[in-house]
Structures are given as C-alpha cells and as structure tokens.
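Here the structure comes first, spelled out in structure tokens, and everything after it is commentary.
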Amino acid sequence: MKAAAFDYVRASSVDEICRLLADAGDEERKIIAGGQTLVPLMAMRMARPDMLIDINDVTDLAGIHDRGDHVVFGAGTRQRAIERSDVVSDRLPLVAKAVRNVGHQQTRNRGTIGGSIVHGDPSAELPMAALALEATMILRTVSGETEMAFDGFFEAAMVTNIEPEQLLTEIRIPVWQDARIGTGFHETSSRQGDFAIVAVAAQLALAEDDTIVRAAISVGGAAPSPVKLHALEAALIGKSAEALDSAIALVDEEIDPDTDVHATADYRRRVTRKLVSRAIDDALAEAAK
Amino acid sequence: MKQIEVTLNVNGKDTTLTIPPRMSLVDCLRDMLRLTGTHVGCEHGVCGACSVFFDDEPIRSCLMFAVQAEGHKITTVEGLLNDDGSLSDLQDSFWECHAMQCGYCTPGMLVASEALLAENSNPNEDDIREAISGNLCRCTGYQQIVEAVQMTAKHRREGAAHG
Ligand SMILES: Cc1cc2nc3c(=O)[nH]c(=O)nc-3n(C[C@@H](O)[C@H](O)[C@H](O)COP(=O)(O)OP(=O)(O)OC[C@H]3O[C@@H](n4cnc5c(N)ncnc54)[C@H](O)[C@@H]3O)c2cc1C
Ligand code: FES
Ligand code: FES
C-alpha cells in the first residue's frame, strides 16, 4: 500500500497556503496537517491528491491561547499539546477529558485538532466536545475570514461543510463563567485508544440550590455525524438530578445509529443512553463538589 | 517521477538523499538507509510496528512522508542501543522477560515503552498498557511486555537512587 505520486509543497505562511488553494485550477490540492487520517487514505488510494500542502511549518497555525471567555486553538495544534496544556485542564476540563481518548500516544503526537474537525469522523472526540460547548471556527481564503458555528458543519460521516479553497485556522471554544461546573466524558471502544463505538461528552452548571442552570451534551458514533442533544439539554434546565431518569428517553429521538461491523444500531442506542447517564452523573457529582 | 533532495538526521547522523515525495518515512529508513530494525506491518497506521522517535516524541513512520522529516531529528530502534553497541537496559529486560516471540512488534514496543519511561519513572500496569495501546502484538499476549517495562523502570529507579 503506497500513496500515488504527488507534488509536495512545504508552506511557510497562512497566505501562501490560501494562495496555493485558490490557484488549484483542475488540480486536487490537499492540506496535510498531522497526516494521521490523510496518509492512510492515500495509502489505500482512497485519496489521490495532485499536490500536498504541508502546513506543519506554519507556526502561526499552532498554539493555545486563553482569551477569558473562550480559548483559541490554532488549527494545527497537536492533540498531544492539548493533552498536556494547563490552560485546557483549567479552563476546558471537558476538552481535557475528551482528548485522552483520541488514538494513541504516537497518533496524538502528530494529529491536530483542525485535521480531526475537517475530517469529521462521526465518533471523533474533539469535534464532539467542541460541538457540545458551541465552539466556532475561523475559515480563511485569499479573500478573507469567515466565522462558522459547529452546529451544521458536520454533514454526514466524514463529510464536512468546508470548501476546497478554505483553510481552517482557528477553533474558539467558550469557557463557562459559572461558579459550579462539572464535566463527564465516557466512551466505549473495542480496544483502548481505538475509535469509539459510542462516546458522550457532558458539561453542566449548577445553581446554589443544585438545580441545573446550563447543560451541554453531545454524542458521537450514534448518528452519521456528532449530535448535540438539544432536547435533553433543554429538559434538564431548572431541574435537579432526579429529573434525569425521565428525561433520558429524549436521547432516542435525537440519535440515528447505524449497524456496522463494530456494533448493531440497537446496541448503540442502549449504550448511548447508558453513557449519557454516566456522563451526566459524573458532571453532577463534579459540580456539586 | 519527480524527486526531491532531502537531508535526514537519523540516529545523530545526517544523510542527503534524492527521493520521490510519496516515499513514506518507514520505507526510506528501511530501503534507503538500510535501517531495517524499524518494521513495517500494516502501512496505514494501525499496528505501530513502524514507531520511531521524531524530535524525541514517538510517531508512526508509515504515516509521514520522508520529505516531511527534513530538519527534524529521528531516532530509530537502532539508536536505542548503548554507545558501545550493547543492548540497552530496556532491550535487555525484553530479553530477560521473554517479551517477544516473532519480534515483529518489538521495535515499536521498545519505542513506545521508552517514550513512557522518559515521562514516567514509575508507571503502573495501566500506564504501560495505555502507552503500548497503539502497538499490536500477535504473539505474547502483552503480559511479558508489561513486565519488561516494569523491570526496566525498577532498575532505573534503583540506579538513580544508588547513583
Ligand atoms: C490508529 C489510529 C487511531 C485513531 N484513533 C482516533 C480516535 O480514537 N479518535 C479520533 O478522533 N481520531 C482518531 N484517529 C485520527 C486522528 O489521529 C487524526 O489526527 C485526525 O482524524 C486527523 O487529524 P490530522 O491532523 O492527522 O489530519 P490530516 O490527516 O493531515 O488531515 C485530515 C483531513 O483534514 C484536512 N485538513 C487538515 N487540517 C486542515 C486545515 N487546517 N484546514 C483545512 N483542511 C485541513 C486534510 O486536507 C485532510 O482532508 C486515529 C488515527 C489512527 C491512525
Ligand atoms: S506499519 Fe505503521 S502503523 Fe502499521
Ligand atoms: S512478538 Fe510477535 S507480534 Fe509481538
């Protein structure tokens, strides 16, 4: 399994990347970030780009910055850097929990947050956490920048709403200012580090009287793309922990799992309910501390 | 096919080569530099046999094109040997604990374990299993590999205490 021939360009700036993408003409030009998804696809000849634009030398594209009400991630920030970041563990504990489940040490050392989002695997952990927290992303072309929401970005399994000439430069994940916040992240996979069969991310904020004032919950692997559980979130607001038992049935209406070699649709439904409960329980316990 | 000239720093030595961009780093290491200690199994990122250090962090060398490695430091399993060419303490523990049978996974297991030990001098079993979770072994059942890493960690802690 060897990749087909391609031209290789090591880009040195964001402008250069955008220009190369804009000038593609009939060629297929692809960005290579960590290569942890693209290179296997090329080896299997499922991708045959004419040109690879390597963005790994563009230092402007990597880095984690605390901006008070949100944290900015350069699209080229490695999953390993997120795992090791104090800003992330202090400000975005849900992202810190999610990233530990992404692949293995060897893949996290190369794989980037941006590559994971643009690729759009239905069970990828970082896009799920970003979706739950209502993150936005910055897409750039030669003619300028646009900010885009995560809701609506994931169209189908491994199909995302990005144009061939667009470069993802930044991901902005909101930091909740509430005093009592808790998070929970659960997934089930065939082996440690494998892609999740089902994964769930939950973040809650509690009022003084222990009622839920904010809820962010998303699921991966239970539909062709990650799903934010809007109905369940809404049903929990103003309620306490006891409300969960009756509200959990709402999960079924928002997911649309498939049967594949790893699990049946029915199994995925049952596991999703269970993992949503566990993630919420963890979040409640953490917030109540 | 178009070729590019690159200079690779592998195990402390610079070599300049002319290669096509599509050549993976693992093929370059094995076929061009004749460093066949690094194994190649699946060629699409699943088995971990091709693990090498890239700027002191473990990566899969089948998921990088060799042209991308210019300007970075690569260490292969050959680079783990002691300076006098003898087996390192970790390699010795693999021997001692029978942590290999066919040996296919061994270079990757050594790289993944060495990376863990660099960060954590006293890993528990879960830490070790997590660190080698990206490396498949079809022979040992992993138990002896876990024991070899624990043995090395213990020797190094004792060495540090006495040294
Ligand atoms: C063994 C193994 C296990 C894995 N397990 C998991 C897992 O459990 N969970 C998980 O989420 N992932 C997992 N992955 C995939 C993960 O490692 C990848 O990092 C991720 O999916 C892609 O990120 P990348 O930086 O490697 O992107 P690349 O492979 O370089 O690129 C992926 C796609 O995104 C495009 N792209 C990349 N960056 C940009 C950008 N800035 N702007 C526009 N387009 C861009 C590329 O053109 C390409 O189409 C695994 C991979 C392997 C090999
Ligand atoms: S050969 Fe690289 S992971 Fe299998
Ligand atoms: S010893 Fe044979 S694959 Fe591990």
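The values are calculated or read from the model by the stated rules, or taken from the named source; none is laboratory data. All of these numbers come straight from a predicted model, not from anything done at the bench. For neighbour counting, all protein chains shown are included, and Cβ atoms are generated from backbone atoms with ideal geometry for every residue, glycine included. Areas reflect the complete protein model, heavy atoms only, side chains present, ligands, DNA and RNA absent. Shrake-Rupley method; radii C 1.70, N 1.55, O 1.52, S 1.80 Å.
Using a 10 angstrom cutoff on alpha carbons, build the Gaussian network for chain A and name the most mobile of A:T37, A:T136, A:T264.
The residue that fluctuates most here is A:T264.
Within region A:61-75, list the residues whose amide N lies under 12 Å from a label point set 7 Å along Cα→Cβ of A:R214.
The answer is A:69-71.
For A:D50 and B:A118, what is the calculated FRET efficiency with R₀ set at 41 Å and r taken between the beta-carbons, to the nearest 0.05?
The value I calculate is 0.55.
Enumerate the calculated ³J(HN,Hα) couplings along region B:79-96 in order (Karplus 6.51 cos²θ - 1.76 cosθ + 1.60, θ = phi - 60°), each rounded to whole Hz, writing x wherever the residue is Gly or Pro.
x, 7, 4, 5, 4, 7, x, 7, 5, 6, 4, 5, 4, 4, 5, 4, 4, 4
With the crude spin-label approximation of a point 7 Å out along Cα→Cβ, what separation in nm comes out for A:A4 versus A:R100?
4.3
Mind checking how much accessible area A and B bury in total, 1.4 Å probe, in Å² rounded to 100?
On the way: alone 13470 and 8710 Å², together 19430 Å².
About 2700 Å² of accessible surface is lost on pairing.
How large a share of the accessible area of chain A, in percent, is made up of carbon and sulfur atoms when the probe is 1.4 Å and the other protein chains stay in place?
Values: 5730 of 12080 Å².
The value for chain A is 47 percent carbon and sulfur by accessible area.
Using the heavy atoms of the protein chains alone and a 1.4 angstrom probe, what is the accessible area of the protein assembly as shown per residue in square angstrom? Present the calculation step by step, with values, prior to reporting the outcome.
Working: 19430 Å² over 452 residues.
Ligands and nucleic acids excluded, the result is 43 Å² per residue.
Using each residue's phi in region A:163-180, evaluate 6.51 cos²θ - 1.76 cosθ + 1.60 at θ = phi - 60° and report the 3J(HN,Hα) Karplus result to the nearest Hz, with x for Gly and Pro.
These are the phi-based 3J(HN,Hα) values: 7, x, 8, 8, 10, 7, 10, 9, 10, 10, 10, x, 9, 6, 9, 4, 6, 10 Hz.
What does the charge add up to near B:V146, with Lys and Arg as +1, Asp and Glu as -1, over the other residues with Cβ less than 14 Å from its Cβ? Before the final figure, lay out the partial values.
Values: positive: B:R129, B:K154; negative: B:E96, B:E125, B:D126, B:D127, B:E130, B:E147.
Residues close to B:V146 contribute a combined charge of -4.
Within 10 Å, at most 16 other Cβ atoms, and a DSSP state outside H, G, I, E, B define an exposed site. Report the longest part of chain A free of exposed GluC sites (Glu not before Pro).
Working: sites that count: A:E27, A:E28, A:E134, A:E208.
No qualifying site falls inside A:29-133, the longest such stretch.
Return the long-range amide H neighbours of A:A223 (sequence gap of 5 or more, or a different chain), with a cut-off of under 5 Å between placed amide H atoms.
A:D256
Could you give the angle, 0 to 90 degrees to the nearest 10, between helix B:143-162's Cα long axis and the longest principal axis of the Cα atoms of chain B?
Computed tilt is about 80 degrees.
Pull up all non-local amide H partners of A:I31: gap of 5 or more, or a different chain, and H-to-H distance under 5 Å with H placed in the peptide plane.
Sorted by chain and number, the residues that satisfy this are A:I53.
Tell me, what ³J(HN,Hα) does each residue in region B:43-51 have, in order and in whole Hz, if you take phi through Karplus 6.51 cos²θ - 1.76 cosθ + 1.60 with θ = phi - 60° and put x for Gly and Pro?
Along region B:43-51, the couplings run 6, 9, x, 9, 9, x, 4, 8, 4 Hz.
Quick one: compute the contact order of chain B, relative version, from alpha carbon pairs under 8 angstrom and 6+ residues apart, as a percent. Display every interim value, and only then the final one.
Values: 275 pairs, mean separation 35.8, N = 163.
Once normalised by length, the contact order is 22 percent.
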